[in-house]
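Step one of this worksheet: look at the structure below.
The values are calculated or read from the model by the stated rules, or taken from the named source; none is laboratory data. The model shown is predicted, which means the values in this text are computed figures rather than measured ones. Cβ placement follows ideal geometry from the backbone for every residue including glycine, while neighbour counts extend to all protein chains displayed.
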Amino acid sequence: MKAILLFISSLMLVTKTDNELKVEYKGALMEIMHGGDISSRLELKSIKQIEHLYGVGELENLKGEITIIDGKSYVSEIKQGQPGLAETYDKNAALIVYSKVDKWQTIDIPEDIKTREQLEVYLPSVAEKSGINIAKPFPFKIIGKANTITWQVISWDDDDTKFSFAKYMASGQVGTFTNENVELLGFFSKKHQHVWTFHDTYLHLHGWFPGKKISAHVYGLELLPESKLLLPAN
């Protein structure tokens, strides 16, 4: 009987370990900013087989944005001065953070949580209450409507070999949508600044806007009431 109980316990431990939330990444902002290394760190097709995959990142040579939503990889690049959207894994990433999420739990976002900055303060407390280990990075989604949303599709100048935060932020195309339905995907961590979040934030946040044919990095945000936060379900 004791042997049977030990066997059952070991199976439960394996199952729990297999189901633990894992966030992985390739590349680092510090390598880009300080080392000028914008080469490929991952072939997207190498993670294509992961079920319920979610991820955000930048293309090699900083030539566009990557947003992966439930296994579908959306890539935006600037061509002829305009951002375009393609569903493809036939690209490489200079920087990417990703995770497998089988199920999500939905939470109403309080009406006083509107901006990216307010969201950054709100996220760890609500995530911890929802059973997430906030000492580790975790993904999240937002579905709803935004009064305004400021985005960027990066497109680095091939001839520019001197990198800076200011030039990174200005590269490519930056724009603002108003009164827009949004599906946002982000990753939160207090331990990955200069890796996959900038020095002044704990978030790496992207938006997918199929109506606008764009997948983009999101810097500014003003949510409207009745927006929903989705967190990984235990």
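Which pairs have Cβ atoms under 8 Å, sit 6 or more apart or on different chains, and link a residue in the stretch 35-55 that is under 28 Å from Thr161 (Cβ atoms) to one that is among the acidic types (Asp, Glu) and assigned to a helix (DSSP H, G or I)? Matching pairs, first to second residue: Asp37/Glu31; Ile38/Glu60; Ser39/Glu60; Ser40/Glu60; Arg41/Glu60. Number of residues in the stretch 89-116 that are surrounded by fewer than 13 Cβ atoms within 10 Å (Cβ to Cβ) and free of Cβ contacts under 8 Å to residues at least 24 places away in the same chain equals 1. Quick check on the stretch 42-60. Is at least one of its residues surrounded by fewer than 17 Cβ atoms within 10 Å (Cβ to Cβ), at pLDDT 95 or above and part of a helix (DSSP H, G or I)? Checked against the condition, which is being surrounded by fewer than 17 Cβ atoms within 10 Å (Cβ to Cβ), at pLDDT 95 or above and part of a helix (DSSP H, G or I), the stretch 42-60 yields at least one hit.
For (1) of a type outside the set (Phe, Trp, Tyr); (2) within 14 Å of the chain's Cα centre (by Cα); (3) more than 18 Å from Phe140 (Cβ to Cβ), each residue gets a yes or a no:
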residue: Asp70; (1), (2), (3): yes, yes, no
residue: Lys79; (1), (2), (3): yes, no, yes
residue: Pro83; (1), (2), (3): yes, no, yes
residue: Ala86; (1), (2), (3): yes, no, yes
residue: Asp102; (1), (2), (3): yes, no, no
residue: Gln105; (1), (2), (3): yes, no, no
residue: Glu120; (1), (2), (3): yes, yes, no
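Within the stretch 22-39, not a single residue is polar (S, T, N, Q), more than 16 Å from the chain's Cα centre (by Cα) and surrounded by 15 or more Cβ atoms within 10 Å (Cβ to Cβ). Just one of the numbered conditions (1) at pLDDT 95 or above; (2) part of a loop (DSSP other than H, G, I, E, B) is not true of Leu21: (1).
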